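Written out below as structure tokens is the structure these notes cover.
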Amino acid sequence: MSGVIAFQGVPGAYSDLACRSAYPGWTTLPCPSFEAAMQAVREDRAQLAMLPCENSLAGRVPDIHRLLPDSGLHTVGEHYQRVEHCLLAHKGATIAGLKRAHSHPVALGQVLNLLRDLKLEPVIEADTAGAAKLLAEQHSLEDAAIASSLAAEIYGLDILRRNVEDAAHNTTRFYVMSKTPAAPPVDLPNPVTTFVFRVRNIPAALYKALGGFATNGVNMTKLESYMLDGHFTATQFLCDVDGHPEQPGLRRALEELAFFSRELKVLGTYAAHPYRLGQAAEAD
């Protein structure tokens, strides 16, 4: 099976690389924003959207949490992509001759050792692949870009150094979104369920709402809160838990959560990515 999968960014972005890694043979569709990537799925210009939700170094990705609940899309999978920064330059450029490194500010913050050792001036750009694209258009032998190996391939740049990031565990997690729910079987191995909820404005509501997960033996792997519409008293929570909603333990936990919540929306159930399982095994 092949299709079209949308992502935010320009060709060669790490989201593009994630699409190609998770769905080899699919056509990737670059979009100017997360909302545009979701809209591509809603309009059937793409079957799936690959949306980053958190990074092991930078934390959660802004806007994704706000957009997901009302997107009309369903979470049908997850993907973990190692971020392997490369030092890119024009053919003929040398490391000794470089003076500036262009990239997204987060990426520049992840290669501080390289910038210090090579005495490179950091130059902020909108994104990593965009920096590579800009470099390809400039033809300067004194400028470099911090981006993916895919960006080097797309824009015809040389890789002077690979894996220049300071931390080897730099990894981004993505939600895979679809117009239709996955509807996996209840016996799906290692299921993960993602949902959002808002608790009632009563004392200890969150404590009571989450108690059902403990008493029913459900492992909660993610709980994040964020404000709605700029109101300090309107808080929504995004959660990932191990399990399928039709399994007795999670079903009872969700029923208890619904009792103490003003709103509960299950975004989807899907198989855990191998990276997640490996991390869990290491933690044990």
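The values are calculated or read from the model by the stated rules, or taken from the named source; none is laboratory data. This is a predicted model, so every value here is computed, not measured. Cβ sites come from the backbone with ideal geometry, for glycine too, and all protein chains shown count toward neighbours. Side chains are part of the model used for accessible areas, which takes the heavy atoms of the whole protein and leaves out ligands, DNA and RNA. Shrake-Rupley method; radii C 1.70, N 1.55, O 1.52, S 1.80 Å.
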(request) Quick one: which residue in LEU135, LEU73, LEU120, LEU108 is in the same structural domain as GLN8 (by the TED database) and surrounded by 20 or more Cβ atoms within 10 Å (Cβ to Cβ)? (result) LEU73
(request) Go through the residues of segment 114-121 one by one and say whether even a single one is assigned to a loop (DSSP other than H, G, I, E, B) and among the acidic types (Asp, Glu). (result) no
(request) Only residues that are open to solvent by 10 Å² or more (accessible area, probe 1.4 Å), in a helix (DSSP H, G or I) and of a type outside the set (Ser, Thr, Tyr): list them for segment 138-151, please. (result) GLN138, LEU150
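Looking for something touching a residue at least 60 places away in the same chain (Cβ under 8 Å) and either assigned by the TED database to the domain that holds GLY268 or open to solvent by 20 Å² or more (accessible area, probe 1.4 Å) (or both) - is there at least one such residue anywhere in segment 27-36?
Taking every residue of segment 27-36 in turn, none turns out to be touching a residue at least 60 places away in the same chain (Cβ under 8 Å) and either assigned by the TED database to the domain that holds GLY268 or open to solvent by 20 Å² or more (accessible area, probe 1.4 Å) (or both).
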(request) For residues that are under 28 Å from ALA13 (Cβ atoms) and surrounded by 15 or more Cβ atoms within 10 Å (Cβ to Cβ), scanning just segment 178-194, find the one that is modelled with the lowest pLDDT. (result) ALA182
(message) Of everything in segment 84-105, what is within 16 Å of ASP16 (Cβ to Cβ), open to solvent by less than 70 Å² (accessible area, probe 1.4 Å) and at pLDDT 95 or above? Give them in sequence order.
(response) HIS85, CYS86, LEU88, SER103
(message) Any residue at all in segment 255-269 that's exposed (fewer than 14 other Cβ atoms within 10 Å of the Cβ) and touching a Gly at 6+ places or on another chain (Cβ under 9 Å)?
(response) yes
(message) Residues that are of a type in the set (Ser, Thr, Tyr): list the helices (runs of 4 or more DSSP H) wholly contained in segment 7-104 that include at least 1 such residues.
(response) 14-22
(message) Pairs please, first residue from segment 72-92 and under 30 Å from VAL196 (Cα atoms), second anywhere and assigned to a strand (DSSP E or B) and among the basic types (Lys, Arg), Cβ atoms under 6 Å, 6+ apart in sequence or on different chains.
(response) TYR80/ARG173
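Listed residues TYR207, TYR175; which is part of a strand (DSSP E or B), among the hydroxyl-bearing types (Ser, Thr, Tyr) and either touching a strand residue (DSSP E or B) at 6+ places or on another chain (Cβ under 6 Å) or at pLDDT below 95 (or both)?
Just a single option satisfies the conditions, and that option is TYR175.
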